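The values are calculated or read from the model by the stated rules, or taken from the named source; none is laboratory data. Please read these numbers as outputs of a predicted model, since none were measured by experiment. No Cβ is skipped: glycine too gets one built from the backbone with ideal geometry, and neighbour counts run over all protein chains shown. The accessibility values were calculated without ligands, DNA or RNA, using every heavy atom of the protein model including side chains. Shrake-Rupley method; radii C 1.70, N 1.55, O 1.52, S 1.80 Å.
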Amino acid sequence: MSEAAQALGQKLRTEREKRGMSAQKMADDMHLDAWVIDALEAGDYERIGPAVYAQGHLRKYANILGV
């Protein structure tokens, strides 16, 4: 995991928590399993699979939060 990936994940987690959303609620809104949200917030993109999936999930996550 790179420092940039960890920083991005922390930013997403902070924004989600600011809005009072749980990781499970975000996962439900994105139609994903909660472990995917955990992996995104940890910057552990390899757990998700091919990079294209992680990129798409990150983009959607950021759009939902407006960041």
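Compute, for the chain, the length of the dipole vector about the Cα centre, with Cβ point charges of +1 (Lys, Arg) and -1 (Asp, Glu) only. Units Debye, rounded to 20.
My answer is approximately 260 debye.
Restricting attention to the chain, which trypsin sites (Lys or Arg not before Pro) occupy a DSSP loop and are surrounded by at most 14 other Cβ atoms within 10 Å?
Arg19
Can you pull the percent of the chain's accessible area that's carbon plus sulfur, 1.4 Å probe, other chains left in place?
Answer for the chain: carbon and sulfur cover 51 percent of the accessible area.
Around Val52, under 15 Å between beta carbons, what's the net of Lys plus Arg minus Asp minus Glu among the other residues?
Around Val52, the surrounding residues sum to +2.
Would you mind getting the accessible area per residue of the chain, heavy atoms of the protein chains only, 1.4 Å probe, in Å²?
So the chain comes to 61 Å² accessible per residue, rounded to a whole number.
Direction-averaged shadow area of the convex hull around the Cα atoms of the chain, nm²?
That works out to 3.8 nm².
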